[in-house]
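Take a look at the structure below.
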């Protein structure tokens with residue numbers, strides 16, 4: 001058994017042994033679990049991809065005279081912010097879209113610009129146009145405000161993401177005779193393609209599937225800065241069916257994150273457009289896993305061939321909430337570029353960047369080895385499959401049109 005305190009002492013002394021998730025898997029195949037547990041102190045994991053349930057909150061400071069934004073309308077580069085807080089606290093969501101914006105009118109259904117792009121511009125140090133209207137009060141008399149803001153001018157700017165790092169996810173296909181536009185990308189008709197979105201064997205929660213080391217308070221690499229797991233994410237669903245190795249066969253655990261936006265990099269926070277769906281934000285997240293015992297190593301030793309994902313027909317099964325009936329496929333198969341569905345060869349594509357995830361694992365490894373990143377003890381565990389925590393879907397209610 002090791003402790004996080006002992007590992008941090010090794011980091012201070014400069015003799016910590018850190019391997020990326022890829023390196024660890026090769027090490028275990030060559031020398032075994034016990035040798036890896038005795039030798040390795042930290043395994044770095046990562047993911048990079050679109051994460052819609054993300055956003056920033058910030059404080060713009062007071063104008064002269066003061067204005068109360070809370071009951072009016074505020075936009076950044078035309079993208080609406082949520083203002084239901086105190087006078088000058090705002091929240092901008094990654095998927096927010098401007099109204100009647102020519103950037104989003106290339107052709108019907110295409111969205112070019114939204115909240116994720118504004119976030120990237122702020123992090124890049126660009127000036128952003130803030131426009132606001134308010135009703136005016138005795139203590140906040142101003143009714144209109146138009147100004148440029150820059151991240152360096154903001155009192156606080158915080159990235160807060162309610163649901164990131166999904167533990168496994170669907171493989172999206174389309175069996176209908178027309179193309180459909182989804183958050184999983186464009187799905188071509190008649191099983192024309194299959195899209196997936198996971199870093200698989202590099203992904204944090206697939207290397208710690210039962211949340212033995214990752215918990216509330218875990219320090220992470222968050223978009224180029226050091227952030228923290230703030231809570232479990234929305235739609236956290238650990239009680240799904242799992243394989244013999246404890247890996248979920250369906251979308252399962254999620255995490256919420258928080259970090260200082262001013263310290264982040266636009267390389268790891270990128271505004272993203274999904275044709276026919278909207279805007280989002282692609283984020284790079286890395287999580288170090290402390291090697292406390294052999295069990296941790298055995299979990300981290302999983303390979304793409306061990307991880308199964310459900311194939312879901314987004315033309316009918318997904319919108320209606322019906323479980324997919326097209327079977328499962330391993331990430332090893334998905335990464336070959338072609339899978340078989342109903343006897344047909346279907347090309348695959350990933351919305352998650354394995355290249356960028358791999359780069360984050362290497363960056364995090366070097367930061368730990370150089371003593372620039374220390375591990376943190378979780379202050380509370382994430383609800384796991386044995387905690388009786390279950391996702392509660394919205395109950396369907398029949399509406400009487402005559403009385404609604």
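Among the candidates 36, 5, the residue that is buried (at least 23 other Cβ atoms within 10 Å of the Cβ) and part of a helix (DSSP H, G or I) is uniquely 36.
Against the definition (touching a helix residue (DSSP H, G or I) at 6+ places or on another chain (Cβ under 7 Å) and modelled with pLDDT under 95), how does residue 199 come out, yes or no? Against the criterion (touching a helix residue (DSSP H, G or I) at 6+ places or on another chain (Cβ under 7 Å) and modelled with pLDDT under 95), residue 199 does not qualify. For the criterion of being crowded, with 22+ Cβ neighbours inside 10 Å, over 13 Å from the mean Cα position of the chain (by Cα) and either touching a residue at least 40 places away in the same chain (Cβ under 8 Å) or over 19 Å from residue 42 (Cα atoms) (or both), residue 266 fails. For the stretch 349-365, a residue qualifies if it is crowded, with 17+ Cβ neighbours inside 10 Å and in a strand (DSSP E or B), and exactly one does: 350.
Remark: residue 192 falls outside the filter, which requires a residue to be within 18 Å of residue 54 (Cα to Cα) and either within 16 Å of the chain's Cα centre (by Cα) or not in a helix (DSSP H, G or I) (or both).
Looking across the stretch 184-197, the residues that are touching a strand residue (DSSP E or B) at 6+ places or on another chain (Cβ under 7 Å) and either without any contact (Cβ under 8 Å) to a residue 24 or more places away in the chain or under 30 Å from residue 301 (Cβ atoms) (or both) come down to 184, 194, 195, 196, 197. Residues of the stretch 120-179 being in a helix (DSSP H, G or I) and at pLDDT below 95, which ones? Within the stretch 120-179, just 153 meets the criteria.
Taking residue 183, is it under 30 Å from residue 81 (Cβ atoms), touching a helix residue (DSSP H, G or I) at 6+ places or on another chain (Cβ under 9 Å) and assigned by TED's automatic domain parsing to the domain that holds residue 214?
Taking the combined requirement at face value, the residue does not satisfy it.
Inclusion of residue 7 among residues that are within 30 Å of residue 282 (Cβ to Cβ) and either outside the structural domain of residue 128 (by TED's automatic domain parsing) or modelled with pLDDT of 95 or more (or both) is not warranted. Every listed requirement among (1) surrounded by fewer than 24 Cβ atoms within 10 Å (Cβ to Cβ); (2) assigned by TED's automatic domain parsing to the domain that holds residue 306; (3) in contact with a helix residue (DSSP H, G or I) (Cβ under 9 Å, 6 or more places away or on another chain) is met by residue 193 save one, (3).
The values are calculated or read from the model by the stated rules, or taken from the named source; none is laboratory data. Because the structure is a prediction, the values reported are computed rather than measured. Counting neighbours? That spans all protein chains shown, and the Cβs are built from the backbone with ideal geometry, glycine included.
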